[in-house]
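I have placed the structure first, in the form of C-alpha cells, so that the comments after it can refer back to it.
What follows is calculated from the coordinates using simple rules that are stated; it is not laboratory data. All figures in this text were calculated on a predicted structure; none of them were measured in a lab. As a convention, Cβ positions derive from the backbone with ideal geometry for all residues, glycine included, and neighbour counts pool all protein chains shown.
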Amino acid sequence: MSSQSNGKNIIRIKKVRRFNPIFIFLALVLGYIALIVYSYFHRTHLTPILVEPITISNSDVITGLIIRDEKVITSEAGGNINFYVQDGEKVGADSVIYTVDETGNFSELLSAQLDKGVDNFTTEQWYRLKDSLYDLATDYPKTGLSAVQLTKNRMNNQIISFYYDAAVKEISDSLDISHYQQIKMDHSSTVLFGTDGFENFKEEDLSPAMFDTSLYKKEVVNPGSVVKKGDPIYREVTDFDWYLYFPLNSKTRDFINRSSSYITLYLINEDIEVTVPVQIVKQTDGTEYMKCTFNNKSYGTLSSRYLNFRIVSNVRSGLKIPKSAVTEQKFYLIPQSFATYGQDGKSLGFLLVSPSNEVDEPVHRVETLYALVDGNYYVSMDVFSVGDYVVKEDSQEKYYIGPTDTLKGVFNVNKGYTMFRRIKVLDEINDYYMVAKGQSYSISPYDHVVYDADGVKEKQLVN
C-alpha cells in the first residue's frame, strides 16, 4: 500500500519554456538583410558617364566614294576553294592566300594530316617569324597599336603556311597531289575579298549613280565554293594612298572654300577629324566633284567602298551626351524681380508665403534654381505649391505660384546624388546629342551624368 500511496502523491510540474532574446535579434538581422536585398533588386541602378567635349560642322552627313589602286586577281585553277587570310589583311611574300582542290579528296587528307600536328619549324621559318617581330619594333613608334594587330595577323598567316607546307610534304611523299594547288603571294600586299566593278575606275566616268548606295553590288567568293579557272577571287592593294570623291551640289558647295587646297572632314564612324588635300574634278556635263587624297592611313575603310562624313567648316563645339541621358522636367516659373538675397548677402531665394503650410508671414526660402529664361527663374515643383505666393522685398506686390514650363536636361551626379541640369541641344549624331557648353545652370566638360535617365528622380543616390 505504501508503494501505491507514494505513486499517487507524485506531482508533475510543467516545464516552463523561457523565450530566448537572441531569437529576436536574429529575426531583426535577417529582416534587415532581406530588406537590403529586396531594395537592391527593386531600385533603379544608376550608371554615370563622363561628359566629353566635341566639335562638329554644320554640314549634313555626306556619303563619299572610296577609290584605291586595286587589282583583281583571278583563280589559277578550278575546283573547291578555301581561303587562309582575312579580308583587309596585309600579307607578306610567300604567304598562302588560298588553295584549290580540283577533286575535293585532297582537302580531307590534308585536314587529317593537320590534326596530327607538325614536329617543328625549319630554321628558315623561325628566321621569318623573327623578321616579323623586328618589323614590329621598327613600325610601332610610327603607327602604335595598329602595328601590333598587323604583325599578329601576318604571323598567324605565316604559321598557317608553315603548317600547310609541312602537311602537304607529308602527304606528297605517298600520294599524288597534282590536283591540289596552294596559291601564294609572291610579294607583300593587302587582300580584299569581293569585286564590285570599281577596280578599273576612271575619273571621267564619275556620275551621280555611283553615290547611290542602294545600287551598289559586290560579288564575293565564299570558302568551300566551286570556282573556275579565271574567275575573280580577290582584290590586291599595293598602294595605301586612296581617294574620296563626293559631289559638289547645293548640300555641300556652301561648306567648301574653293580657294583652299585643303579640307577638314569629320569621319563619323571613327569619330575623328582629318585635314586632307583636295582638288575639284569637273565633268564635261558641268557637274563637279571634290577629290580628297588620303595618305597611308586607312581609318578603318579598307573593306568599304563608301564613307560617311561631315565637312568641318562652320565649326561648332559643344558637349557629347548620349540620347538616353536626356529627359524633361516640369518647373514653376517665378519672375526674376521677386528674387532677393538672404541676410548673408549671398543666398538667393524668395520671400515665400505658404498658406497650405500655415506660413502666413514672408519667410526667405533658398532653393535650387534650375534656369533663368526670359526673366523667369525655374524652381522645383516639389518645394512650391499652387496657392503659395512670393512678395517683393520692401513692397506689397505679390506673385502667385502657378505658371509652369518644361526644361530638357540631364541628371548630374558629381556630388553622389542626382541633380537636374538643363541642356540646349545643338545637333545630333547617331545616338548622341551635341549640347551647348558654358551655359548657366547647365553641365560642364568632364562632369558625370546618368547614362539612362528613364525612371530617375531628383536627389537620388548613386549606387
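Observations on the structure shown:
- For the stretch 327-410, size of Cβ-based charge dipole, Lys and Arg +1, Asp and Glu -1, in debye: 240 debye
- Nearest-20 debye value, the stretch 383-463 charge dipole, Cβ charges on Lys, Arg, Asp, Glu: 160 debye
- The stretch 234-316: C-alpha gyration tensor shape, a/c 1.5 cut-off, then a/b vs b/c: oblate
- Ranked for footprinting exposure by Cβ neighbours inside 10 Å, fewest first, Lys415, Lys291 give Lys415, Lys291.
- Sparse-neighbourhood loop sites, trypsin sites (Lys or Arg not before Pro) in the stretch 307-357 - DSSP loop, at most 16 other Cβ within 10 angstrom: Lys346
- Residues of the stretch 52-95 with amide N under 20 Å of the 7 Å Cα→Cβ point at Ile429: 52-65
- The distance from the alpha carbon centre of the stretch 215-293 to that of the stretch 402-451 is 38 Å, rounded to a whole number.
- Taking other Cβ atoms within 10 Å as a rough exposure proxy, Trp242, Trp126 sort from fewest to most as Trp126, Trp242.
- Members of Lys152/Lys228; Lys71/Lys228; Lys297/Lys320 lying beyond 28 Å, as alpha-carbon distances in this model show: Lys152/Lys228
- Burial ordering of Leu206, Leu129, Leu319, fewest other beta-carbon atoms within 10 Å first: Leu129, Leu206, Leu319
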